[in-house]
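Student: I'd like to ask some things about the structure below.
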Amino acid sequence: MNAQAPKGTADMLPDVARAWEHLQRVAQELFTRYGYEPVYTPLFEHTEVFSRGIGEATDIVSKEMYTFEDKGGRSITLRPEGTASVVRSALEHNLTANGAQAKLYYAGPMFRYERPQKGRMRQFWQIGIEVLGAAEPTADAEVIAVLWGYFEALGLPRESMRLLLNSMGDDACRPAYRDGIAAFIRAHSADLCDECDRRAATNPLRAFDCKNPACREVMAGAPLLRDELCEACASHYAAVKTHLDALGIPYVEDSSLVRGLDYYTRTVFEIQVEAGLGSQNAIGGGGRYDRLMEAYGGPATPGLGFALGFERTLLALEAAGVGIPAPPRAEVYVARVDDTVTAEVFGLAQRLREAGIAAELDHQARSLKSQFKQADRLGARFVVIVGPDELAAGEVTLRDMGTKEETRVALGIAVDAVIAALG
RNA sequence: GUGGGUGUAGCUCAGUUGGUUAGAGCGCCGGACUGUGGCUCCGGAGGCCGCGGGUUCAAGUCCCGUUACCCACCCCA
């Protein structure tokens, strides 16, 4: 058989898995401090959850989903992102009934059928938070502060991060602007690439994203939504910026920041890093989605959140020279001089473990010398040597691997001696 | 979906104009006064040279195909 993991997936071996757990631990600690609670939603949903939530015309829905029919004839899709599921779940369980607010966070794998490249996998992990029921601009600033604070908490220098901010307007001002851009594109179609030309009909705002230099030049002359926001959106956007300023979080307004998911309204943001990511330089992003709950047939409920990618965050940390803490695999190694003392060695290791100490021993009948090498490799600060000589006196030898100092202690109090030695 | 690059020991890579038993470093295992680590020295194990065809007296080296990975476009976290 083929022992390779499927294209776009990767095994997370201990070093990476440890980093994964670290990312989740830091998230848990920080998000909890901001009042967010954990939520786990299914890894797959009815396809409709994504097609209606994210938008039929988006790339994600139109060509990147893992969709299949289950044995009951239902159309099922592996989740390509987290927000749609969380909002669906909040609606199902009435988490925002009677004006209640829900603050949730999640972490787990997402699935998109794309060509893999640096920082882009078919199964990739995201951590995200969602606030449902909060319309005030302080919520926008809080969500952005959590994202920013998370990367800082991991040790990413703030100079290496760039926060992009924009407003996409709402139902009151976006449609008119959208039509205006479509008209603008049609008027300049001769100077734009075919793709952008087509965008006039499908998703005109995406033309701002085009990397084609000619298109960029043309679009630079297009009217900005920022200048055509309705009064409510304009004041909301201004308030968000004021709150960010107060928090001392630096941001860059970028009118070309247009999220590719249909559900976004008003505030959108993204954090990019320059080093380590290749062309996939966004490590986290999100925005407000005030109409999403309604799209599912629920009551009008404002909402917003962000998602960040594990793989990319790790690449960014690596590029910034930030290490992932790796605790020693063993604090104490119990060495066996010969096989007459096996029972005592195994018993002592077990008692150390029960006392809360990371203890390791040999299971391969290795020589004493190689047991020491192993102890060294595992980072053990002490080695307890158990041999016939010691046992004859009812004792064991405790060796400090740093100072090479050896002391004899009674077998009966060996655990206490180790605890005392470890301090 | 489109384009470019690369596939040789566990890892990172060498392999000369095709020529005999395919190499190095790191890692791993063992040894250097028969119960002791990190340094040094010595030794050892480990390779369908991605896979399948072809050219040739001879292919890791050339040609074709295929597959996997990487990178970019695109899109997004």
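The values are calculated or read from the model by the stated rules, or taken from the named source; none is laboratory data. Just so it is clear, the structure is predicted and the values come from calculations on it, not from any experiment. Virtual Cβ from ideal backbone geometry, glycine too; neighbours counted across all protein chains shown.
Student: Among the listed residues A:Glu354, A:Glu331, A:Glu311, identify the single one that is touching a Leu at 6+ places or on another chain (Cβ under 8 Å) and either closer than 18 Å to A:Leu422 by Cβ or within 12 Å of RNA strand B (Cβ to nearest atom) (or both).
Tutor: A:Glu331
Student: Within the set of pairs 6 or more residues apart or between chains, which connect a residue that is modelled with pLDDT under 80 inside the range A:247-260 to a residue that is of a type in the set (Val, Ile, Thr) and crowded, with 16+ Cβ neighbours inside 10 Å with Cβ atoms less than 6 Å apart?
Tutor: Taking only residues 6 or more apart or on different chains, the pairs are A:Arg259/A:Val268; A:Gly260/A:Thr58.
Student: Give A:Arg329, A:Arg288 a once-over and let me know the one that is touching a residue at least 40 places away in the same chain (Cβ under 8 Å) and farther than 17 Å from A:Trp148 by Cβ.
Tutor: Of the residues listed, the single one that is touching a residue at least 40 places away in the same chain (Cβ under 8 Å) and farther than 17 Å from A:Trp148 by Cβ is A:Arg329.
Student: For the range A:6-24, give me the residue count where each residue is of a type outside the set (Val, Ile, Thr), outside the structural domain of A:Leu315 (by TED's automatic domain parsing) and in contact with a strand residue (DSSP E or B) (Cβ under 7 Å, 6 or more places away or on another chain).
Tutor: Count: 1.
Student: Tell me which residues, restricted to the range A:339-365, are assigned to a loop (DSSP other than H, G, I, E, B) and surrounded by 12 or more Cβ atoms within 10 Å (Cβ to Cβ).
Tutor: Matches in the range A:339-365: A:Ala355, A:Ile357, A:Ala358, A:Asp362.
Student: On the given criteria, is A:Leu361 within 22 Å of A:Ala417 (Cβ to Cβ) and away from RNA strand B (no atom under 12 Å from the Cβ)?
Tutor: The answer is yes for A:Leu361.
Student: Okay, next question. Name the residue that is surrounded by the fewest Cβ atoms within 10 Å (Cβ to Cβ), counting only residues in the range A:236-294 that are of a type in the set (Gly, Ala, Ser) and within 16 Å of A:Ile129 (Cα to Cα). Steps first, answer last, please.
Tutor: Step one: of the range A:236-294, the residues of a type in the set (Gly, Ala, Ser) are A:238-239, A:246, A:248, A:255-256, A:260, A:275-276, A:278-279, A:282, A:284-287.
So of that shortlist, the ones also within 16 Å of A:Ile129 (Cα to Cα) come out as A:284-287.
On the way: A:Gly284: 26, A:Gly285: 19, A:Gly286: 26, A:Gly287: 26.
Looking at residues that are of a type in the set (Gly, Ala, Ser) and within 16 Å of A:Ile129 (Cα to Cα), I get A:Gly285.
Student: Another one. Is it the case, given these coordinates, that A:Arg198 is crowded, with 17+ Cβ neighbours inside 10 Å and among the charged types (D, E, K, R)?
Tutor: no
Student: A follow-up question, please. Taking the stated definitions as given, is A:Pro327 out of contact with any helix residue (DSSP H, G or I) (no Cβ under 6 Å at 6 or more places or on another chain), surrounded by fewer than 21 Cβ atoms within 10 Å (Cβ to Cβ) and not assigned by TED's automatic domain parsing to the domain that holds A:Tyr34?
Tutor: Judged against the criteria, A:Pro327 is a match.
Student: While we're on this one: Looking at A:Ala295, A:Ala316, A:Ala300, which is the one that is closer than 30 Å to A:Phe50 by Cα, hydrophobic (A, V, I, L, M, F, W, C) and free of Cβ contacts under 8 Å to residues at least 12 places away in the same chain?
Tutor: Details: A:Ala295 fails: free of Cβ contacts under 8 Å to residues at least 12 places away in the same chain; A:Ala316 fails: free of Cβ contacts under 8 Å to residues at least 12 places away in the same chain.
Matching residue, one of A:Ala295, A:Ala316, A:Ala300: A:Ala300.
Student: Right, next: Here are some conditions: (1) away from RNA strand B (no atom under 13 Å from the Cβ); (2) closer than 26 Å to A:Val61 by Cα. A:Tyr289 meets all but one. Which one does it not meet?
Tutor: Only one criterion in (1) away from RNA strand B (no atom under 13 Å from the Cβ); (2) closer than 26 Å to A:Val61 by Cα is unmet by A:Tyr289, namely (1).
Student: Looking at the range A:366-412, which of its residues are exposed (fewer than 12 other Cβ atoms within 10 Å of the Cβ) and closer than 16 Å to A:Arg351 by Cα?
Tutor: Result: A:Gly412, single match.
Student: Another question, if that's okay. Given the criteria within 16 Å of RNA strand B (Cβ to nearest atom), charged (D, E, K, R) and in a helix (DSSP H, G or I), does A:Arg199 qualify? Reasoning before the result, please.
Tutor: Values: within 16 Å of RNA strand B (Cβ to nearest atom): yes; charged (D, E, K, R): yes; in a helix (DSSP H, G or I): yes.
So A:Arg199 passes the test.
Student: In the range A:143-173, what residues are surrounded by 21 or more Cβ atoms within 10 Å (Cβ to Cβ) and farther than 18 Å from A:Ile283 by Cα?
Tutor: Once the filter is applied, which keeps residues that are surrounded by 21 or more Cβ atoms within 10 Å (Cβ to Cβ) and farther than 18 Å from A:Ile283 by Cα, the range A:143-173 yields A:Ser167, A:Met168, A:Gly169.
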